[in-house]
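Report on the structure given below.
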Amino acid sequence: MIQTSLDPNTGIATLTWDVAGSPVNVKNRATIAAFVEAVDAVIADEKVTGIIVTSAKKDFISGGDLDELRAARTPEAALELVRGIGICLRRLETCGKPVVAAINGSAIGGGLEVALACHRRIAADNDATRIGLPEVTLGLMPGAGGTQRLPRLIGIKRAAPLLLDGKLLKVRDAAALGIIDDVVPGGELLNAAKAWLLEGPDATQPWDRDGYSVPGDDPQSMKGRLFFMAAWPKLRRKTSPDDPAAGAILQALHHGVERGIDAGLKIEARLFAGVACSSAARNKINTMFYGVNSARRLKARPAGVAPFQPKRLGVIGAGLMGSGIAHTAARAGLQVVILDVTQERADAGLASIKKNLAKALERGLITDEDAESIVARIESSSDFGLLAGVDAIVEAVVEREDIKADVTKRAMAAAPGALFASNTSTLPITTLAKLSPVPENFVGMHFFAPVDRMPLVEVIRGEPTSDEAVAKALDLCRILGKTPIVVRDGRGFYTSRVVGAYTREALLLLAEGVPPQVVDNVAINAGMPIGPLAMADQTSLDLLFDIIGSLAAEQRGQEPFVRALHVLDRLSSQLERRGRKANAGIYDYAPNGDKTAWSGLSKEFPAANPMPSEADIENRLLHIQALESIRAMEEGIFNDPVDADVASVLGWSFPSSRGGVLSHVDGVGIPAFVRQCEELQASYGDRFAPPRSLREMAEQGLSFRDLAGKSHG
C-alpha cells in the first residue's frame, strides 16, 4: 500500500503510494494508517536523511474515500477520518528532515494537502495533470490542512478563489502561483527530487520560521479586513443558504490564518467535521460524484454494440446551438462541416466560434495553437453534398417540424448510413424519425446552451430508434466530454417538460399579482442561481410562448397552461415586451444591464389578496418541478431517480445542495412532501395533486434513494 525504500548511499527514503486493486491512491482509513506507519518509521530511522513522497499510479494521491465520508453522520465520526492524517502531516513537516513531494500526476484534494505538508513540491511536466482543492464542489472543505497551508504559501487573496470555487490548475499555472516549486520532464522527476534533498535544504516550512508573515495582505491588516468584509456578502450572493461548505472555508481562512498554524489546523478540522456530515455534502456527493460519474461511464449504453469512433461530424444550423455543437466537436478533435441555408449564414456561425475562441485566448484558457487547430477542423458551407462520408449528423435548426423535415431528407440523401441526431427541446423524436428514410438511425440529442460550457446532453430514444443509435449517441457524448442521460420520447422529454412546469408556475404567480422580484428572490434564496422570471426574460417571452404552447399540446393541467400562455401573449404580442433582447419584458433593462420590475405590471396583474407566503412561493416553485418529474417517471420517460437528479442539477441548475429534484423530495421526507402538496392542491389547484406512485411510496416507507440504480428499459 505504501512502499518504503531506502538508498543506503544517500540516506534518502522514498515513500511510494500504491493502493492495491485501485486505479488511484485513495485516502481511506487503511491507506492513511499505512502512510502514518511509514512516516513514523522513516522519521525514527537515524539512517534516513531526506524523504521523497511519490506515487506508483498514473496520478499522485487523490482525495478522501467518499463512501467513508457519506457514512459519517456525526461531527465526531467525520473528525475521526482526518485526525490521523492531520497529526501525521504536521509531524512530517516538523520532523527536522527535508521532505519533497515528487508529483507525477494530478494532486487533487487530499493529495495536494499531502504535498503542501512537504518542504518542496516538484511536478512532472504533464499537460493532463491538475492541481487543486475542489472539495467545495462536493459540499465539502479540506480537512487536512488545505485551508491553512495554501494561503500561508501563496497568500489569502490567491488561495481564496481556488478554495471557494474549487478550480483545478494546470501544472505550470500552479507553478506560476507558487504552489509548485519546480516543473521537470517526467523522466527526471525522482532524480530532481533526490538532487534537491542532496543540497542539504532547510527542513522547515515558511510558517514555522521566525519572523514569518502571510504573503500579501495579513488578515489583521486594513487591506485584509477589507478583503473579508467584501468576501462575506459576495459569498452569500452566490451560495445557497443550505450549503455550508464555502462559508466554512471562508471562516477557516478568516479566523485560522490570523492565528498560528497549529491553532489554524484545529479550527479547520472542527469546521470540516460540521460540513462533512451535513445533508448538503451527502446530497452533492450522491449526485455530483456518484450520479454524474455513473452517467459519464455511460451506464445506459445498450450492451453488445461495438464502440462508435466517429472522425467527421456534420452540423446543420449555424446559429447559437449549431455553432456551439460544432465548436465543441472540433475542440474534441473531430473534423466538422457546419451547414446553413446560405454560405453567409454558415460563415456567420464560424465567425461566432472564432469570437468565442478569442475570448478564451484573452482569459488564458487556451493557446494560439489550440485556437488555430480548432478552426482548422471546421468547414462552413451551404452545400449538403459535403455531408457525404460523415459518421454522424446533428441537426440544430429552428423548432419547426417542416424545416426539420426538409433538412433531414436532404442530409440523409447525402449520408444515408450516418447517425442522425436532432437537437430539439420539445418536438417528439418518434414523429421526427418518420421524416427520415432510416428511422432506426434517428435519435434525439438535446444540448444545452452555451454548448461549450453546459455539460448535460439529454439523449432521447424514439419508438423506431435502435439500440445501435442510442449507443452511438452516447459514445459521441463521451467524445464531446458531455454527461448524458437517456430518456424515452414524450412531449418535452424530461428536461424541457420540468423546466416548462417551473416557468409556468412562476408566470402564474406573476398573474396573481406577486411582484417578479419577490418570485425571483424566493427562488434564489432557495438555491436557484437566477430567478425564473428573470430567466424567462433572458429566454425571450415570445419563444417561451411557443415552448409552453408546444408542451400544452399534451393538455397536462390545461387551465394553468392557458393562464400562463395568456401572460406571455399579453406581454410579448400585445404589449411588445419580449424580454431582455428588447430591453423590455417582465423587467425593464437599463443600458448598463441593471433591471427593475416594469411599472405596468401592477395594472396588468393586480396584486393578490391575500398574497402567498414566501414558504408557499418556494414550495410552489420547487415542488412543481418534483411533481412533474414524478409524473414523467410514472410514464416511463426515465426509470432511475438519479437521472432526474443529475439532469436537474446539470441542465437547469436545480440546487446541488438539495441533491437534485427528487433528492429534494427525500430531503423534505415523502410523507411530509405529500402533505405539503395536498395543502398546495387545496389552495392553488390540482396540478399539485400528489401522484399515486408517491402516495404508495409514503405508505411503504420508501425514498427515491431506495429506487436509485434501475437500468433503462
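The values are calculated or read from the model by the stated rules, or taken from the named source; none is laboratory data. On a predicted model such as this, the values are computed, not experimentally measured, just so you know. A quick note on method: Cβ atoms are made from the backbone with ideal geometry, for glycine too, and the neighbour counts reach across all protein chains shown.
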Fill in: Any chance Pro201 is under 21 Å from Glu93 (Cα atoms) and touching a Phe, Trp or Tyr at 6+ places or on another chain (Cβ under 8 Å)
no
Discussion item. Six or more apart or on different chains, Cβ atoms under 8 Å: show the pairs whose first residue is in the stretch 298-313 and closer than 17 Å to Ala421 by Cα and whose second is modelled with pLDDT under 95.
Written reply: Arg312/Gly389
Worksheet item: Regarding Leu474, is this residue crowded, with 21+ Cβ neighbours inside 10 Å, in contact (Cβ under 8 Å) with a residue 12 or more places away in the chain and in contact with a strand residue (DSSP E or B) (Cβ under 7 Å, 6 or more places away or on another chain)?
Response: yes
Response to the item:
Trp207 vs (1) part of a loop (DSSP other than H, G, I, E, B); (2) free of Cβ contacts under 8 Å to residues at least 60 places away in the same chain: all pass except (1)
Fill in: Test: residue in the stretch 197-217 that is crowded, with 20+ Cβ neighbours inside 10 Å, touching a strand residue (DSSP E or B) at 6+ places or on another chain (Cβ under 6 Å) and in the same structural domain as Lys27 (by TED's automatic domain parsing)
yes
Practice prompt. Name, by its number, the condition in (1) free of Cβ contacts under 8 Å to residues at least 40 places away in the same chain; (2) touching a Pro at 6+ places or on another chain (Cβ under 7 Å); (3) more than 21 Å from Val341 (Cα to Cα) that does not hold for Asp391.
Written response: (1)
Worksheet entry | Residues of the stretch 50-74 satisfying the condition of being crowded, with 18+ Cβ neighbours inside 10 Å and either without any contact (Cβ under 8 Å) to a residue 12 or more places away in the chain or more than 25 Å from Gly132 (Cβ to Cβ) (or both) | Gly50
Worksheet item: Which fully enclosed strands (runs of 3 or more DSSP E) of the stretch 81-178 have 3 or more residues being under 25 Å from Leu198 (Cα atoms)?
Response: 99-103, 120-124
Fill in: Flag for Leu622 being touching a residue at least 12 places away in the same chain (Cβ under 8 Å) and more than 22 Å from the chain's Cα centre (by Cα)
no
Worksheet item: Out of all the residues in the stretch 660-677, which are among the polar types (S, T, N, Q) and either assigned by TED's automatic domain parsing to the domain that holds Val498 or under 21 Å from the mean Cα position of the chain (by Cα) (or both)?
Response: Ser663
Worksheet item: Which residue pairs have Cβ atoms under 8 Å apart, sit 6 or more places apart or on different chains, and have a first residue in the stretch 210-239 that is assigned to a helix (DSSP H, G or I) and a second that is crowded, with 17+ Cβ neighbours inside 10 Å and among the β-branched types (Val, Ile, Thr)?
Response: Gly224/Ile156; Phe227/Ile156
Discussion item. Looking at Arg270, Arg282, Arg312, Arg301 in this structure, which one is charged (D, E, K, R) and at pLDDT below 95?
Written reply: Arg282
Worksheet item: If we only count helices (runs of 4 or more DSSP H) wholly inside the stretch 400-481, which ones have 1 or more residues that are polar (S, T, N, Q) and at pLDDT below 95?
Response: 401-414, 429-433
Item to complete: Considering only the stretch 482-516, state which residues are over 20 Å from Ala536 (Cα atoms) and outside any loop (DSSP other than H, G, I, E, B).
Response: Thr483, Pro484, Ile485, Val486, Val487, Arg488
Worksheet, complete the sentence: Ala78 passes all but one of the listed conditions (1) buried (at least 23 other Cβ atoms within 10 Å of the Cβ); (2) part of a loop (DSSP other than H, G, I, E, B); (3) in contact with a Cys (Cβ under 9 Å, 6 or more places away or on another chain); the exception is number (2)
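Of everything in the stretch 256-266, what is within 19 Å of Leu133 (Cα to Cα) and free of Cβ contacts under 8 Å to residues at least 60 places away in the same chain? Give them in sequence order.
If the condition is that a residue be within 19 Å of Leu133 (Cα to Cα) and free of Cβ contacts under 8 Å to residues at least 60 places away in the same chain, then Lys266 is the only one that fits.
Yes or no, residue by residue, for (1) under 27 Å from the mean Cα position of the chain (by Cα); (2) surrounded by fewer than 14 Cβ atoms within 10 Å (Cβ to Cβ); (3) closer than 19 Å to Met321 by Cα; (4) in the same structural domain as Asp452 (by TED's automatic domain parsing):
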site	(1), (2), (3), (4)
Glu344	no, yes, yes, yes
Gly364	yes, yes, no, yes
Arg377	no, no, yes, yes
Ser381	no, no, yes, yes
Phe384	no, no, yes, yes
Val390	no, no, no, yes
Ala396	yes, no, yes, yes
Ile403	no, no, yes, yes
